[in-house]
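Here the structure comes first, spelled out in structure tokens, and everything after it is commentary.
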Amino acid sequence: MKSFLKLTALSLQSQMYYRTSFFLNLLSPIALLAGQYLLWSALYQQQPDHIISGMGAAQMYAYLLIAFALNHSLGWSSENALAKEIKTGTVVKRCIRPVSFISQSVAEMAGAILPQLVLNLVIVSAGFLFFGRYLQLPAPKNILLFLPCLAAALLLRILLIELCSLLCFYTTGYLGISWSRNAIYEFFSGALIPIVMFPGWLKSIAYVTPFPYMIQLPISILLGQELPVSLLQVYAVQLLWIGIFLALHALFFTNIRKNLNIAGG
């Protein structure tokens with residue numbers, strides 16, 4: 001644990017070294033949030049009852065604000081740090097450290113998540129403070145139920161990025177993998193459109209994947225929305241997917257190490 005926390009602290013320091021770039025990366029997603037609000041505001045104004053697929057305007061605006069905070073918990077450079085190291089060969093430093101490969105990645109991405117989460121919390125708090133009359137406010141009980149689900153969702157996101165980054169050992173580039181991962185993740189997680197608005201057959205497919213457990217279901221718990229399964233099942237499925245991701249990582253990395261030469265070894 002001491003090594004894990006040390007790597008997390010080092011990652012946090014590296015994120016804040018170039019301060020101008022750091023703050024631009026933190027604040028730039030706000031433009032996307034403003035665009036989403038303008039889009040959904042226009043859509044709701046066209047509805048006489050201000051309801052779309054069972055979601056009222058206040059519920060949707062709260063959903064967009066929280067989904068923004070979860071979806072932008074990692075920046076582009078943080079997500080692709082391991083992939084870039086694999087393509088440049090500097091990944092060798094991870095292989096010779098006396099800390100497991102996956103522990104290093106989780107620790108470094110945790111360090112990258114912390115400052116973004118703090119800023120996102122400030123943005124979300126300000127949004128509810130100044131525009132609370134337009135938003136559905138979470139109940140205190142739901143916030144307590146949301147926190148363990150949030151922790152599992154962030155770990156799932158980190159492990160997903162880690163697994164996709166390992167695929168770069170088999171390719172000559174990483175941008176295609178990263179773009180594909182982002183597109184699939186944002187669509188099926190509910191980051192762009194709430195999954196409750198999907199047609200029935202597509203909704204069934206989405207809930208078989210791990211993606212809704214990273215954004216849609218944590219937000220549903222926070223806002224007190226109806227869940228497709230019980231609350232305990234949500235927690236259990238999150239843990240199940242974490243176990244599956246860890247098993248896949250062990251399988252991939254074992255095969256990679258068999259075919260990886262370090263300094264001719």
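At residue 47 and residue 125, where each label point lies 7 Å from the Cα along Cα→Cβ, what is the point-to-point distance in nanometres?
Taking the simple label geometry, residue 47 and residue 125 are separated by 3.1 nm.
Kindly express, to the nearest 10 degrees and within the range 0 to 90, the angle between helix 231-258's C-alpha long axis and the longest C-alpha principal axis of the chain.
For 231-258 against the chain, the angle is about 20 degrees.
With the chain treated as a Gaussian network of Cα nodes joined by springs under 10 Å, which of 234, 91, 208 yields the largest mean-square fluctuation?
Looking only at 234, 91, 208, the biggest GNM fluctuation is shown by 208.
Under the definition of Cα pairs under 8 Å and six or more residues apart, what whole-number percent is the relative contact order of the range 79-237?
29 percent
For the chain, set up a GNM with springs between Cα atoms under 10 Å and report which of 61, 170, 44 has the largest fluctuation.
Looking only at 61, 170, 44, the largest GNM fluctuation is found for 170.
What angle, in degrees between 0 and 90 and rounded to the nearest 10, separates the Cα long axis of helix 140-166 from the longest principal axis of the Cα atoms of the chain?
For helix 140-166, the angle is close to 40 degrees.
For labels at residue 39 and residue 254 in the simple 7 Å Cα→Cβ model, what's the distance in nm?
A separation of 4.3 nm, rounded to one decimal place.
So how far apart, in nm, are the two label points at residue 103 and residue 85 if each is 7 Å from Cα heading toward Cβ?
Inter-label distance under the simple model: 1.4 nm.
Laboratory data are not the source of any read-out in this text; all were calculated from the coordinates shown. Please read these numbers as outputs of a predicted model, since none were measured by experiment. FYI the Cβ positions are ideal-geometry reconstructions off the backbone, even for glycines, and counts take in every protein chain you see.
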